[in-house]
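The values are calculated or read from the model by the stated rules, or taken from the named source; none is laboratory data. Predicted, not measured: the structure shown is a model, and the values here were computed from it. Every residue, glycine as well, gets a Cβ built from its backbone with ideal geometry; the counts of neighbours run over all protein chains shown. Only protein heavy atoms, including side chains, enter the accessible area calculation; ligands, DNA and RNA are left aside. Shrake-Rupley method; radii C 1.70, N 1.55, O 1.52, S 1.80 Å.
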Amino acid sequence: MAGAPAQGGALTSEHQRPAPFEPPAPTAARWHGLAIAAFLAISLVWWAHVWFGGNPAHTITCNCGDSVEQVWWFEWLPWALLHGHNPFLTNAIWARFGGVNAMSNTSWFAPAAILSPVTLLWGPVASFNVANLLAPVVSGWATFALAGRFTPRWVPRFVAGALFAFSPYILRNTVLGHI
């Protein structure tokens with residue numbers, strides 16, 4: 001009988017060798033972490049001109065479209081809260097016409113709130129660049145997670161996430177300030 005002790009109670013030579021090392025099978029959290037890391041690496045390559053070629057606190061992705069307005073919204077929310085102003089109504093812009101009602105305007109309260117520490121430390125341009133860096137990553141990860149409802153396999157889920165995250169639609173809109 002294979003694997004049974006020999007007659008003197010000694011183990012056979014088969015049981016004296018240690019088992020070969022097998023890494024643990026990746027868990028779902030590990031697959032998600034790998035996907036996020038891969039999407040972040042691709043996003044860093046895409047935005048390399050900002051993160052490695054310039055200063056992320058002073059280099060904006062594109063001085064076109066609505067990016068300048070969106071940078072302003074990143075700065076407005078922390079400033080308004082720290083100075084006791086109503087963040088939903090501002091006279092800082094369009095003052096002659098009564099100001100701006102942020103609830104009826106394109107506003108970025110969620111990203112501005114999440115990135116407020118970045119804004120307070122390095123400024124609104126840095127927050128805008130962080131948002132541009134993370135937008136494809138979050139979009140790709142959400143698509144990766146959604147694809148898990150259709151297939152348990154990692155490769156098709158990653159391809160689906162990458163195709164959406166780095167599609168012309170997502171990348172062109174982030175450049176124009178539409179995160």
Q: Only residues that are over 13 Å from the mean Cα position of the chain (by Cα) and surrounded by fewer than 21 Cβ atoms within 10 Å (Cβ to Cβ): list them for segment 153-169, please.
A: R153, W154, V155, P156, F158, V159, A160, L163, F164, S167, P168, Y169
**Q.** Options F74, F39, F88; residue that is over 14 Å from S127 (Cα atoms), under 21 Å from the mean Cα position of the chain (by Cα) and modelled with pLDDT of 85 or more
**A.** F39
Q: Any chance you could count how many residues in segment 43-69 are open to solvent by 70 Å² or more (accessible area, probe 1.4 Å) and among the hydrophobic types (A, V, I, L, M, F, W, C)?
A: 4
Q.
Give all pairs with beta carbons closer than 8 Å in which a residue from segment 53-82 that is under 20 Å from M103 (Cβ atoms) meets a residue that is aliphatic (A, V, I, L, M) and open to solvent by 60 Å² or more (accessible area, probe 1.4 Å); count only pairs at least 6 apart in sequence or on separate chains.
A. Q70/I179; W76/A92; P78/L120
Q. For segment 128-150, what are the residues that are farther than 18 Å from A112 by Cβ and among the hydrophobic types (A, V, I, L, M, F, W, C)?
A. V137, W141, A142, F144, A145, L146, A147, F150
Q) Which one of these does W76 not meet: (1) within 25 Å of S167 (Cβ to Cβ); (2) assigned to a helix (DSSP H, G or I)? A) (1)
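At least 2 residues that are open to solvent by less than 80 Å² (accessible area, probe 1.4 Å), under 30 Å from F52 (Cα atoms) and in contact (Cβ under 8 Å) with a residue 40 or more places away in the chain in each: list the helices (runs of 4 or more DSSP H) lying fully within segment 88-152 that qualify. I'd like the intermediate steps shown before the answer.
Values: elements: 109-114, 116-122, 124-147.
The qualifying helices (runs of 4 or more DSSP H) are 124-147.
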Q) Quick one: would you say H85 is within 30 Å of A38 (Cα to Cα), of a type outside the set (G, A, S) and out of contact with any strand residue (DSSP E or B) (no Cβ under 9 Å at 6 or more places or on another chain)? A) no
